[in-house]
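Nothing in this text is a laboratory measurement; each read-out follows from the coordinates by a stated rule. Keep in mind the model is a prediction, meaning the values are calculated, not measured. Virtual Cβ from ideal backbone geometry, glycine too; neighbours counted across all protein chains shown.
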Amino acid sequence: AQEIFSEGMTKAREAKKQLFLVFGSPGCGWCVKLQNYHDMPEVSKILGKYFVIVKVDTVKNAGGQEMFLKYGKERGVPAFTIIDMEEKVVADSGDLGDNIGFPMEPQEVEQYFKMLQKACPSMTKAEMDVLRTKLKEAAPKKND
């Protein structure tokens, strides 16, 4: 996990971006949904403008669980932490106590966008609107 983190930090510093560290584990359905959201072309284009996204598997990546605990409170997966170029935590999906994981409930969605706004004050309303729309599309439906 440390190698993945170091490579991501190097890329982030070179590009003058922040690191969006995503934690997951095998068999985690919500992790797949979050990955599917990040993989949407419109989402990856916008987030890629501000972040280098790095995925750490808390089980498969050696040291993944330790990194998970180092960069956030004890919480479930998926979880994510935004780290600046000085390796300081800017925001974490568990900042308000409960981990927002895949932001689906209204309060989780609002917290997710507050995190993005805090990390990237230059992100435009139009970009946020696209992310909101795509997040709704990626969210599981009642029958899922």
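Which of T58, T81, T133 moves the most in a Gaussian network model of the chain with Cα springs under 10 Å?
Of T58, T81, T133, the most mobile in the Gaussian network model is T133.
If you put +1 on each Lys and Arg Cβ and -1 on each Asp and Glu Cβ, how big is the dipole of segment 47-144 around its Cα centre, in Debye rounded to 20?
Working: 15 positive and 16 negative charges, 57 e Å.
Here the size comes out at about 280 debye.
When DSSP beta bridges are limited to those with both residues in the chain, what percentage is antiparallel, rounded to the nearest 5?
Details: 8 of 15 bridges.
That works out to approximately 55 percent antiparallel.
Can you list the HN-Hα couplings for segment 61-78, worked out from phi with the Karplus curve (6.51, -1.76, 1.60; θ = phi - 60°), rounded to whole Hz and with x for Gly and Pro?
For segment 61-78, the Karplus-derived couplings read 8, 4, x, x, 5, 5, 5, 3, 6, 5, 9, x, 6, 4, 7, x, 10, x Hz, x marking Gly and Pro.
Taking only DSSP H segments of four or more residues, each worth -39500 (n - 2.57), what value at 222 nm results for the chain once the sum is divided by all its residues, to the nearest 500 deg cm²/dmol? Mind showing how you got there, number by number?
On the way: 6 runs with 70 residues, N = 144.
Rounded to the nearest 500, it is -15000 deg cm²/dmol.
Along the positive direction of the dipole of the chain (beta-carbon charges: Lys, Arg +1; Asp, Glu -1; about the Cα centre), which of F102, T10, S122 reaches farthest?
S122
Which loop GluC sites (Glu not before Pro) in segment 47-88, with loop taken from DSSP, have no more than 13 other Cβ atoms within 10 angstrom of their Cβ?
Working: sites: E66, E74, E86, E87; in loops: E74, E86, E87.
Of the GluC sites (Glu not before Pro), the ones in loops of segment 47-88 whose Cβ has at most 13 other Cβ atoms within 10 Å are E74, E86, E87.
Relative contact order for the chain using alpha-carbon pairs under 8 Å, separation at least 6, rounded to a whole percent? If you can, show how the numbers build up before the last one.
Numbers: 205 pairs, mean separation 40.2, N = 144.
The normalised contact order for the chain reaches 28 percent.
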